Amino acid sequence: MSKFIIRRLLGLIPTLFIIITISFFVIRVAPGGPFSAERKVSPEVLRNLEAKYNMDDPLMKQYADYLWNVVQFDLGPSFVYKDFDVNFYIGQGLPNSMIVGGLAVAVALVLGLIAGIISALRQNSVYDYAAMSVAVIGISVPLFVIGPALMYVFAVQLGWLPVAGWIDRLGPVALIMPVATLALPPFAYIARLSRASVLEILRSDYVRTARAKGLSTPVVVFKHVLKGSMLPVVSYLGPALAATLTGSVVVEQIFRIPGLGRHFINSAFNRDYTMIMGTVIVYSALLLIMNFIVDVIYGYLDPRISYK
Amino acid sequence: MMKKLLLMLLMAFVAVAVFAEGAQETTEEAEEVVFRLNNGTEPESLDPALISGVPENQIYMGLFEGLVVPDPETLQAKPGIAERWEMSADGLTYTFYLRDDAVWSDGVEITAQTVVDSWLRFLNPETAADYTYLMVDEAMVAGAGDYNSGEAGPEAVQIRAVDEKTFQVTLDRPRAFFVDMLNHYAFAVHPLHVIEEYGDAWTRPGTIVSNGPFVLDTWVPQDRIELVKNPTYWDAENVELDRVILYPIDDQNTALNLFQDGQIDWLKEVAPARLDEMKMDPTHVANPAFITYYYEFNNSVEPLDDMRVRKAMMMSIDRQELVTRVTRGDQFPAYGVTPPLPGVYDAVEGFEEDYDAARELLADAGYPGGEGFPELTILYNTSEGHKNIAEYVQQKWNDELGISVQIENQEWGTYLDSRDNGDFEIARGGWQGDYVDPLSFVGLFTADSPFNSGDWTSEEFTALLTEAETMVGEARLAKMREAEMVLMEQAGVMPFYYYLTTNWINTDEWGGWYPTIQDMHPLKDIYRK
C-alpha cells in the first residue's frame, strides 16, 4: 500500500507538468492580450509594456523562464494588478476559498449521509419524500439562483444574516449563506447516493444475519451498513470537490468573499496570463491531491480492493 | 431520536442568529462620519501612473491631488496644489504657482520639481503608463511624445521648475481645455521619495504616501479600501468626511441588496432587470452623460465604402423608438457624435431619419429595394443590452431597406482584437469623453486616430479640424460643429444615443454630491447634512 501511495504521489508531478505546459500555450492562442483595452495604447507604449513583462522574449524562453520560476514557487507578477503579485493573491484567496469549500463539503457529507440513511431506514415515509424533494431542488436549481434567493429571504427581508462580506469584518455568521448555498448540490447527491446504497445493503445477506442475531438497528447501521454504503459516496467526493471548487466562483461573487474563484474567471477575461496560470496550477494540484486521497480512502473502506 | 436532532438543530440556528446581531458590522459611532460606496471592480493599482479605469479614478480623487481639482458641480478647474496660473498670449505656455502648504502626508514638501519629476516618470517608457496619449496627443505637451516613444531623453519634454514653487509647461498647439484637463491622473504628482525607496510595493498600506484629502488606512484586496481624513492636507478643514469605504462589488444584485440594507450610501449601477423598479426610488439621480453609443462602418468593406449606403443605413433607424422600447433607459437619441455640453456646445443635428430618402439613396447606390445587397455582420461584445439593440437594427434594416444582416457577439477581449485588426463589417462602439470638449469625440475619427477602427477619412473633415486647432473660444467651437456636421453628412459613424448616468444616493442625507456630465464625484466635497 505504501508503495502505491508513493508511486501515485510521484505521478502527480508529470501530470501537473503537462497541465502547465498545455495551459501556457493554449491561453496565448485566444485573441487579444493582457494589454488590450478600448482606449488603445500607442505602439510605443505597447512595446514598453511587453518589455516590462518579458513578452518580447521568444515564446520558448518565456516558457522556460516561467517553469523555472514555478519550481521555486514564484508565480510571477500579475499582468493586470500591478501592486501585488500572483503569489499574494493566491495566498490571500486560497485559504478563504478552502474554508468555504471545505465547510460546504463537510456539511454536505454529514447532513447528506444522515439524510440518506434515515431516508433509507424510513423508506417511503413523509420524511423520505421530504428529504428527497430537497435533494431534487439541490440538483436542479443553479447556485446563482439559490444564493440570491437565500440572500433575499434571510438578509434583505428577515435581516437575520448579513447581506455579503467576509468573516474578518462580520464574524463567522458571514459563512452561513455561502456555505449553505455551496453545500446544497453535493448534499443532494450524497443524500440520494447514500439512500440508494443503504437500501441495497439492507437487503444483503450479512445484514439479515446481523438482524437475525438480534442486533439493534443503530448497531446494525453503524457497524455493518455504514462502511459499505460509503463507497459510492466516497467515489462521488472527487467530482464533488471539483464541483465545489468551481461553484465557489459563483458563491464568492455573490457573497463578496475574497477568494480565489473570482480570480479564476476574471483573469481569463483580462488575459492576465500569469494569474490564469497561477489559478490553474493551484486548482489542478488541489484536484489531483484530492482525487488521490479519495482513492486511498476507497481502498481502506473496501477490503475487496487492494492496491499494489 | 429524530425529534432530538431537530430540536438541537433549531437551537443551534437560533444561537447563531442571536450572535449574528452582535457580530454584524456596528454602525459608526456618533463622532465618525463614514461614507460607503460600491466601486466597480478591484482596482488595478493605486499608483497614478499605472491606472486607467473609473474605479481607480474614484480612489485617485480621494488620495491624490494634482495642480487643479474639479469643481464638484461643473468639473471645471479649481486651485489644487497650484494656487493660481497664467497663460501666455500665444496660448502655448502655462505657468503655475504652487501653494506653500502643499505637502505629502509624511510632511515632505511638494515643489515645482516634484511636478516635473512626476510627469517625467509618467512619460518614462520604462514605467509603461497606459494613459500617456492624454499628455502626448490630447494635451500636446511639447516633447512628451518624443520622450515616451524613446526617441529622445527626458530633457526634450518642455516642462520645467522655474523656481521652487513655479512650474511651467509649453504645448505644441493651443489647447483651450488644457487647465480643466489637469485634474486627470495623467497629470498627477507622485511621491518619488517613497517610490525610490520601496519600488513596486510603495502603494501598500503603511508605506503609501499621498497628498489628497484622504490617506489610505486599509486595503483588503477584493474586499475593501478604507480612506481616512488626511490631517496634512492643505484644505483639511473643509473636508467633512472622516472615513470613506470603497467596496469592489462584482455582482450588481448584491450591490443593490447592500444599498437597500443600508450598508452602502451611494450605489453607482443597477442590473437592467431591476432598473424599472429602481428608477422610481427617491434616491435615484439621473443626468446626461458624456458618452455616446454608436456603430462603426468598416470603410474597406464593399459596399460600406459608398457614402450613400452608409447614410441609408443611418437614416432608417427610429432612435426614439429605440430608447423608449428597446433600451428603456431614457437615453437621448443622437444625431451627432458629441453629447451636449450644457451652456457650451449643443448637440449637432447632423441628419434626419427618413425612410423614403434612405431607400432612394440605397437605390442610387445600386441596390434598389435591397436587391443584391450582400449580407453583412454586426459585431458587438457579449451583453444582453447590445444584443437587443443589434436585433432591433437588424429588424429595422430588413423592414425599411430590404437588406438582411447577421449579428455576432464576441467576448470582450476577442471583440477588441477584431475591431483593432479591422476584422469586422459593422461594429458596435461606445466612447466616454476624457475631457469636457467636443474634440474628445470628434477627434476619434481623424485619419490617424488609433480609435478610428473603420478607417473613415475625409479631407474636408481633416481640414476643418486643423483650422479649429488654431482658433479659440466660440469661433473654435463653431468650427468644430462644422467638422462634426461633415462627419454626419458623410456618415463616418452611426450614432444611436447619448447615455444617461444613473446613481442612487440619498441627497437629503448627503450634500456635496452633484450629478455631473462626466459622472465624476470628488470625495473631498461630500458631507453629511
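Each reported figure results from applying straightforward, stated rules to the coordinates on display, with no laboratory input. What you see is a predicted model, and the numbers here were worked out from it, not measured in a lab. Heads up, the Cβs are rebuilt from the backbone with ideal geometry, glycines too, and the neighbour counts pull from every protein chain shown.
Numbers for the structure displayed
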{"quantity": "Longest to shortest principal axis, alpha-carbon extents of the protein assembly as shown, angstrom", "calculated": "109, 74, 60"}
{"quantity": "Positive minus negative residues near B:ALA463 (Lys, Arg vs Asp, Glu; Cβ under 12 Å)", "calculated": "-4"}
{"quantity": "Relative contact order, percent, segment A:127-208 [alpha-carbon distance under 8 Å, six or more residues apart]", "calculated": "38 percent"}
{"quantity": "Equivalent ellipsoid, segment A:1-106 (semi-axes from 5 times Cα gyration tensor eigenvalues, Å)", "calculated": "33, 20, 13"}
{"quantity": "Separation between Cα centres of segment B:420-471 and segment B:81-136, rounded to whole Å", "calculated": "28 Å"}
{"quantity": "Centroid-to-centroid separation of segment B:254-323 and segment B:142-208 [C-alpha atoms, Å]", "calculated": "35 Å"}
{"quantity": "Other protein chain Cβ atoms within 10 Å, averaged over every residue that makes up B:409-419", "calculated": "5"}
{"quantity": "Peptides ranked, highest mean first, by Cβ atoms within 10 Å: ranges A:262-268, B:88-94", "calculated": "A:262-268, B:88-94"}
{"quantity": "Test item: A:162-171 mean partner chain Cβ contacts at 10 Å", "calculated": "6"}
{"quantity": "When chain B is reduced to its Cα atoms, the Kirkwood hydrodynamic radius in Å", "calculated": "25.6 Å"}
{"quantity": "Qualifying lysines (Cα of each under 29 Å from Cα of B:LYS279; at least 8 residues distant if same chain)", "calculated": "B:LYS268, B:LYS387, B:LYS396, B:LYS524, B:LYS529"}
{"quantity": "Residues A:TYR129 and B:TYR527, FRET efficiency given R0 of 60 Å [Cβ-Cβ distance, rounded to 0.05]", "calculated": "0.50"}
{"quantity": "Options B:ILE208, B:PHE122, B:LEU241, ranked by Cα towards positive dipole end of segment B:118-267, top entry (Cβ charges)", "calculated": "B:PHE122"}
{"quantity": "Most to least packed among B:116-127, A:48-59 [average Cβ atoms within 10 Å]", "calculated": "B:116-127, A:48-59"}
{"quantity": "Distance in nm between pseudo-label sites at B:THR218 and A:THR21 (7 Å out along the Cβ direction from Cα)", "calculated": "4.7 nm"}
{"quantity": "Cα-based Lys proximity count in chain A, under 17 Å, for pairs eight or more positions apart or on separate chains", "calculated": "4"}
{"quantity": "Set of aspartates and glutamates near B:LYS4 by C-alpha distance (under 19 Å), chain-local residues within fewer than 8 positions excluded", "calculated": "A:ASP128"}
{"quantity": "Relative pair counts by distance (%), Cα atoms of segment B:75-140, 5 Å bins", "calculated": "3, 13, 17, 23, 22, 16, 5, 1"}
{"quantity": "Relative contact order (%) - chain B, alpha-carbon pairs under 8 angstrom, separation at least six", "calculated": "18 percent"}
{"quantity": "Cα-based shape type of chain A, given that a ≥ b ≥ c are square roots of the gyration tensor eigenvalues and the cut on a/c is 1.5", "calculated": "oblate"}
{"quantity": "Segment B:242-349: Cα Rg divided by the 2.2 N^0.38 Å rule of thumb", "calculated": "1.47"}
{"quantity": "Virtual spin-label span in nm between B:ASP364 and A:PHE144, 7 Å along Cα→Cβ", "calculated": "4.7 nm"}
{"quantity": "Average silhouette area of segment A:132-231, convex hull of alpha-carbon atoms, in square nanometres", "calculated": "8.7 nm²"}
{"quantity": "Shielding by partners, peptide B:121-127 (average Cβ within 10 angstrom, other chains)", "calculated": "2"}
{"quantity": "Extension gain, A:SER235 back to A:ALA106 (0.36 nm per residue minus Cα-Cα distance, nm)", "calculated": "44.9 nm"}
{"quantity": "Neighbour-count order for B:ARG175, B:ARG528, B:ARG428, fewest beta carbons within 10 angstrom listed first", "calculated": "B:ARG528, B:ARG175, B:ARG428"}
{"quantity": "Surrounding net charge for B:GLY402, when Lys and Arg each add one and Asp and Glu each subtract one, Cβ distance under 14 Å", "calculated": "-4"}
{"quantity": "Point-to-point label distance, A:ARG304-B:GLU196, nm (Cα→Cβ direction, 7 Å offset)", "calculated": "7.6 nm"}
{"quantity": "Cβ-derived FRET efficiency at R0 45 Å, B:MET280 paired with B:ASP163, nearest 0.05", "calculated": "0.20"}
{"quantity": "Efficiency of FRET between A:VAL71 and B:GLU126 - r from beta-carbon atoms, R0 25 angstrom, step 0.05", "calculated": "0.30"}
{"quantity": "Chain A, relative contact order in percent, only Cα pairs under 8 angstrom and at least six apart counted", "calculated": "28 percent"}
{"quantity": "Span-rule helices in chain A, defined as complete DSSP H runs reaching 27 Å or more along the axis (Cα) with Kyte mean at least -0.5", "calculated": "A:2-27, A:86-121, A:176-202, A:226-254, A:273-301"}
